[in-house]
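The block underneath contains the structure these notes are about, expressed in structure tokens.
The values are calculated or read from the model by the stated rules, or taken from the named source; none is laboratory data. Not measured: the values here are computed from a predicted model. All Cβ positions, even for glycine, are placed from backbone atoms using ideal geometry, and neighbour counts span all protein chains on display.
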Amino acid sequence: MAEEKVTEEKTEKKDFTKVPLKERTEVKDIDDKTRQYLVTETDGTTINVNVTMPNLRVAESIDDTRSQVVVTDDGNAIQATSSRFHQALFGLFSAVVVDNKPAGKIDWDFFDKHEIATFRWLMNEAATFFDSKFNAD
């Protein structure tokens, strides 16, 4: 009986350290309530996740966790986003796919394993999408 060799495939990831974030991201509208986000991290890791606009009750609850805007003496506005708002946004995300494999859900533990730029970009995109739907006329 012939012995079979088991080989392990190694896929080398491209180095994206010199590629700006805006060139490593993609946004697609799936429908009027769902948006898909694709991001490639600097080490070549790909992340694919959807955000879906919630019902009005959930949207109100998320909006209630929003940060305060402070206007300083010189007239500048400073917005401090609370972790409660980001955590509330986590609930809008579908199951996440990392490197074409299911990777669970978006939460603090997920972002601990990924780049801070990915966290900031996804939170900003989710907040922008939420605002565009929740505050639409």
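Given the conditions (1) under 14 Å from ALA126 (Cβ atoms); (2) buried (at least 17 other Cβ atoms within 10 Å of the Cβ); (3) over 12 Å from the mean Cα position of the chain (by Cα), report the number of the one that VAL49 does not fulfil. Among (1) under 14 Å from ALA126 (Cβ atoms); (2) buried (at least 17 other Cβ atoms within 10 Å of the Cβ); (3) over 12 Å from the mean Cα position of the chain (by Cα), VAL49 violates only (3).
Being within 26 Å of PHE16 (Cβ to Cβ), free of Cβ contacts under 8 Å to residues at least 40 places away in the same chain and either buried (at least 17 other Cβ atoms within 10 Å of the Cβ) or of a type in the set (Gly, Ala, Ser) (or both): is that true of PHE129 here? Answer is no for this residue.
On inspection, VAL69 fails the criterion of being over 11 Å from the mean Cα position of the chain (by Cα), at pLDDT 90 or above, among the β-branched types (Val, Ile, Thr) and surrounded by fewer than 14 Cβ atoms within 10 Å (Cβ to Cβ). Among the residues of segment 72-79, is any surrounded by 12 or more Cβ atoms within 10 Å (Cβ to Cβ) and either more than 11 Å from the chain's Cα centre (by Cα) or of a type in the set (A, V, I, L, M) (or both)? There is no residue in segment 72-79 that is surrounded by 12 or more Cβ atoms within 10 Å (Cβ to Cβ) and either more than 11 Å from the chain's Cα centre (by Cα) or of a type in the set (A, V, I, L, M) (or both).
When ALA88, ALA126 are checked against the criterion of being closer than 30 Å to LYS14 by Cα and either at pLDDT below 95 or touching an Asp or Glu at 6+ places or on another chain (Cβ under 8 Å) (or both), a single residue qualifies: ALA126.
In summary, GLN79 fulfils each of the numbered conditions (1) within 14 Å of ALA127 (Cβ to Cβ); (2) modelled with pLDDT of 90 or more with the single exception of condition (2). Among the residues of segment 8-26, how many are in contact with a helix residue (DSSP H, G or I) (Cβ under 7 Å, 6 or more places away or on another chain) and either outside any helix (DSSP H, G or I) or modelled with pLDDT of 95 or more (or both)? Here the count works out to 1.
Checking each residue in segment 97-126 for being of a type in the set (Gly, Ala, Ser) and in a helix (DSSP H, G or I) picks out ALA117, ALA126. Per this entry, ASP99 is counted among residues that are charged (D, E, K, R) and at pLDDT 95 or above.
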